[in-house]
Amino acid sequence: MIPLDECKSVDKDSKLLLTSSGGGALLLNKATKECLFYADVPMAHSAELLPGHKIAIALSTHPRGNSLELYDIRHPERRLFRDSLYSGHGVVWMAKEERLYALGHDELRSYKLELLPNDSATLHLDRTWTLPTPNGHELSQTDTHELLVSTYEHVYLFNTRKGTFSPFSPLANTKDVKSANFDKKANRLIYTKAETSWWTNRVYIHHKNEQSAIPVDSIHVYKVRTTRSAK
């Protein structure tokens, strides 16, 4: 699975969910390192664990077309749902709302999850919002009803109740932010941005009034996942 696009802790920090644009989505048991799920889906940029043992995967420039796909952990060979999503780069499950949010090139969507008999399920498109600026890069949760949306030109906070985008300072006008996570409680922002090429070898941290950049040797960093979803 090279290159690695996203890695995050899920299911009460007991599992790791990884995606790779080199070819797939992988769910691991953190304690035993056991592979619980693997889907060989090229250009997998982001994935999310949903209720009922389901996994949603956002795909970009996939051989079958850009899409959002849904699988069951227990039946990785069977795709349950597929929707066209141009340049799918981010998915987040908002537990309090029971909604899946998916980020594409120029739009943000919300879906309702419907669990069906025989371990099946489907997603129903709920709403669609046009991004203020195109080329969506990543999606992360900052609060119960708030998402952080990064695009090529800007970074926004999206209020899911109001359906509104607002500039996120201090990154509102920072171009090509690949990934950004903001922990409101700790007042800590961690992000990556393109440097001289598509990738970067540094992770940027803003914590209260302090700023720093951590060099990362030997690997190219694209996304960072350092904060847990809001409860």
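Values in this text are rule-based calculations from the coordinates and carry no lab data. Fair warning: this is a prediction, and the values are worked out from it, not measured in the lab. We place every Cβ from the backbone using ideal geometry, glycine too, and count neighbours over all the protein chains shown.
Quick notes
- Magnitude of the charge dipole for the chain, about its Cα centre and with charges confined to Cβ atoms of Lys, Arg (+1) and Asp, Glu (-1), is about 500 debye.
- Altogether, the Stokes-Einstein calculation at 25 °C and 0.890 mPa s, with the Kirkwood radius of the stretch 4-130 over Cα pairs as Rh, returns a diffusion coefficient of 171 µm²/s.
- Fluctuation leader among 59, 103, 50 - the chain, Gaussian network, Cα springs under 10 angstrom: 50
- In a DSSP loop and with at most 14 other Cβ atoms within 10 Å, the GluC sites (Glu not before Pro) in the stretch 42-114 are 98.
- Global size of the stretch 97-138 as Cα Rg and Dmax, reported in angstrom: 12.6, 41
- Of 127, 161, 78, the one that fluctuates the most in a GNM where the chain has Cα springs shorter than 10 Å: 161
- Distance from the stretch 4-18 to the stretch 122-149 (C-alpha centre basis), Å: 20 Å
- Of 192, 32, 142, the one that fluctuates the most in a GNM where the chain has Cα springs shorter than 10 Å: 32
- Applying a threshold of 24 Å to the alpha-carbon distances of 30/185; 54/175; 96/208; 12/112; 30/178; 30/184 flags 30/185; 54/175; 96/208; 30/178; 30/184 as lying beyond it.
- Relative pair counts by distance (%), Cα atoms of the chain, 10 Å bins: 8, 35, 39, 16, 2, 0
- Near residue 131, the amide H atoms lying under 5 Å from its own belong to 107, 108; only residues 5 or more places off or on other chains count, and H is placed 1.01 Å from N.
- Toward the positive end of the charge dipole of the chain, with +1 on the Cβ of Lys and Arg and -1 on the Cβ of Asp and Glu, the farthest Cα among 159, 91, 44 is that of 159.
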